[in-house]
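Participant: Handing you a structure now.
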Amino acid sequence: MRPLSPSCRRVTPAAVSTLVRDAPAVSSLLSSVTRGAVVDLARSTRAPRLRFVGAVSSPAFYAPVETELKELERRLLAVGRGGHPTFQAAVEHVFQTPGKLLRPTLVFLSARFGTRDDRETVLNLAQSLELVHTASLVHDDIVDRADVRRNIPTVNAMWDGDVALIVGDYLFAKAYALAAVLPKPEVIAIVAQTVFALCDGELNEVTSPPTMPTEAEYLERIELKTASLYAACCQGAALLTEADPEHVAALGAFGTNLGLAFQMTDDILDLVGDEAEFGKAVGRDLQEGMATLPMIYAAAESSGQDGELARRIVAPGKSRDEVIDLLRIIRASGGPERARARALGFHDAALRALDGLPARGEREALRDVADFVISRVR
Ligand code: FPP
Ligand code: MG
């Protein structure tokens, strides 16, 4: 394990509580997350079973943890309080559309399988991991030179890359301040390890050579950059609330498989999604030559891993016409549907992991989260 930096300033519980105290009015979380629908992949008839994964049009999985989510949303909006005016403005901007809040929902649901009820520490973990997630997206948008996320301008588009870099650092420091006062060192270590994994996954992506990755290389990358955080939410919450070790393991396996299914779905949507519904530009992975699973499958189907289509896909900085032509080719191939079948396999593995948990409402809610992830449009 790589060493943690010793230079972090010590943050007292009192200081942390001032980070999260008082906030503007709660915005309408539920209205921002009720627009789920199934992506239209009906172009292919290869895997009819996919059509039977239901769209979660009204995500009932929020209901058991709605109080905690509203409190979390209030605290997120207050994160900028006391900070530099630009940071305050950026926080208000970023959290005006808080997103689906899937990760904190997983924290709150998973915590219900513990033997210890400690609302405040669970809220701190949920906020810490959501801030890690937000910081990573702010930084990722610099790397991607992305202008839009969640249908609003990115921080780098609203201000510039320098501001976005520091805003991301600021959010990340807030996340650590919250994690540092968690009562269990192993959960603090999980937060740190997750950040290592995110950085490894992102570096893996930005330093990868312009060649078509294997499926195993792709899986390793998305496990690091996405699934690690989902696992941390589920496993961290279970550890924090002293769940039975078997339940901790089941929730960790659920989170990893769910995260893999989520990222695969995201990668499919980057090729076949509707920009307004997806909330960000479509075709960016292709534009940058970042090969994802549907592209790997499309290339293999056309002429093998090293063929002409593979070379065109991994070429960086493509023209708009080339992106449009490649989108047409990949959409017409079996790549997206085959990738969706693979995502469905991880969704099913996530559901199997839930069998290791006691049957109760929160287990059903986790099942609904998994269905939502595979059927979402954004
Ligand atoms: C989004 O994925 C990006 C990530 C999941 C990870 C980004 C990680 C870093 C930038 C490392 C730094 C981390 C911290 C905590 C400061 P994507 O690019 O596939 O999705 P997108 O289409 O939404 O951009
Ligand atoms: Mg990105």
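Participant: Which of the pairs Lys100/Lys184; Lys100/Lys318; Lys225/Lys318; Lys174/Lys225 have their Cα atoms more than 23 Å apart in this structure? Walk me through the numbers before you get to the answer.
Facilitator: Numbers: Lys100/Lys184 27 Å; Lys100/Lys318 31 Å; Lys225/Lys318 25 Å; Lys174/Lys225 20 Å.
Table pairs above 23 Å Cα-Cα are Lys100/Lys184; Lys100/Lys318; Lys225/Lys318.
Participant: If you don't mind, there's one more thing I want to ask. Compute the distance in nm between two label points, each set 7 Å from the Cα along the Cα-to-Cβ direction, one at Ile329 and one at Glu275.
Facilitator: 2.3
Participant: With a cut-off of at most 15 other beta carbons within 10 Å, and DSSP calling the residue loop, which trypsin sites (Lys or Arg not before Pro) in the range 331-376 qualify? Please list them. Intermediate results must be reported in sequence, preceding the final value.
Facilitator: Numbers: sites: Arg331, Arg338, Arg340, Arg342, Arg352, Arg360, Arg363, Arg367, Arg376; in loops: Arg360, Arg376.
Counting only loop positions with at most 15 other Cβ atoms within 10 Å, the trypsin sites (Lys or Arg not before Pro) in the range 331-376 are Arg360.
Participant: Can I ask one more? Give the residue from Pro85, Ala281, Asn151 lying farthest towards the positive end of the charge dipole for the range 58-375; charges sit on Cβ (+1 for Lys and Arg, -1 for Asp and Glu) and the dipole is referred to the Cα centre.
Facilitator: So the residue furthest toward the plus end is Pro85.
Read-outs: derived from the displayed coordinates by stated rules, not from any lab. Bear in mind that the values here come from a model prediction, so they are computed numbers and not experimental data. Positions of Cβ are backbone-derived with ideal geometry, glycine not excepted, and every protein chain shown enters the neighbour counts.
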